[in-house]
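Let me begin by presenting the structure, written as structure tokens, before commenting on it.
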Amino acid sequence: MQVAAAASVDGAHGSFWRTDLGVLNPGDADASVVVVFHGDDGSTLSHTVDLDGGTQEVMVDVIGEWGATGNGWMELSSDRAIVVGSRTYNDGGAGTFGQYLDGIDG
């Protein structure tokens, strides 16, 4: 599964671009999800998320929380069926604006 865009980077006029990632395990069995951030600069960052059956985890500013910065995309793989959504948005301090992206198989 892929998320087409992800960021944790400074924007114009003191704003900041970030991505929140939500992963849902709709099944009864536990799931192990590997999330790989592919930076536009060729870097990669991998993190494993373990989800109990029927639970969801929302990771706020996922790239920044993992200690990285930059723009890119995410690749997710799991040993169970998962549902993925993300929100990439700009936070300028006076509200946010951005877009929601579903995870897509690919």
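The values are calculated or read from the model by the stated rules, or taken from the named source; none is laboratory data. Bear in mind the structure is a predicted one, so any value in this text is a computation, not a measurement. Virtual Cβ from ideal backbone geometry, glycine too; neighbours counted across all protein chains shown. These accessible areas exclude ligands, DNA and RNA; they are computed on the full protein's heavy atoms, side chains included. Shrake-Rupley method; radii C 1.70, N 1.55, O 1.52, S 1.80 Å.
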In the range 68-89, residue surrounded by the most Cβ atoms within 10 Å (Cβ to Cβ) [restricted to those that are within 12 Å of Arg18 (Cβ to Cβ) and polar (S, T, N, Q)]: Ser86
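Hey, among the residues in the range 17-26 that are open to solvent by 50 Å² or more (accessible area, probe 1.4 Å) and of a type outside the set (A, V, I, L, M), which one's nearest to the chain's Cα centre (by Cα)?
Once the filter is applied, the top-ranked residue is Arg18.
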Tabulated pairs, the range 42-62, first farther than 22 Å from Tyr89 by Cα, second open to solvent by less than 50 Å² (accessible area, probe 1.4 Å) and small (Gly, Ala, Ser), C-beta under 7 angstrom, 6+ apart or interchain: Thr48/Ser32; Asp50/Ser32; Leu51/Ala31; Gly53/Gly27; Gly53/Ala29
Selection from the range 32-59 of residues that are open to solvent by 60 Å² or more (accessible area, probe 1.4 Å) and more than 13 Å from Val83 (Cα to Cα): Asp40, Asp41, Gly42, Thr44, Ser46, His47, Thr48, Asp50, Asp52
Condition broken by Phe37, with the remaining ones in (1) touching a residue at least 12 places away in the same chain (Cβ under 8 Å); (2) in a loop (DSSP other than H, G, I, E, B) satisfied: (2)
Qualifying residue in the range 5-16 (condition: at pLDDT below 95, open to solvent by 70 Å² or more (accessible area, probe 1.4 Å) and either in contact with a Pro (Cβ under 6 Å, 6 or more places away or on another chain) or assigned to a strand (DSSP E or B) (or both)): yes
In the range 90-106, the residues that are loosely packed, with under 13 Cβ neighbours inside 10 Å, modelled with pLDDT of 80 or more and not β-branched (Val, Ile, Thr): Phe97, Gln99, Tyr100, Asp102, Asp105
Selection count, the range 11-28, where residues are small (Gly, Ala, Ser) and either under 21 Å from Gly85 (Cβ atoms) or touching a helix residue (DSSP H, G or I) at 6+ places or on another chain (Cβ under 9 Å) (or both): 2
From the options Val33, Val49, residue that is out of contact with any Lys or Arg (no Cβ under 9 Å at 6 or more places or on another chain) and within 24 Å of Gly98 (Cβ to Cβ): Val49
The lone exception for Ala29 - which of (1) among the aliphatic types (A, V, I, L, M); (2) assigned to a strand (DSSP E or B); (3) open to solvent by less than 50 Å² (accessible area, probe 1.4 Å) it fails: (2)
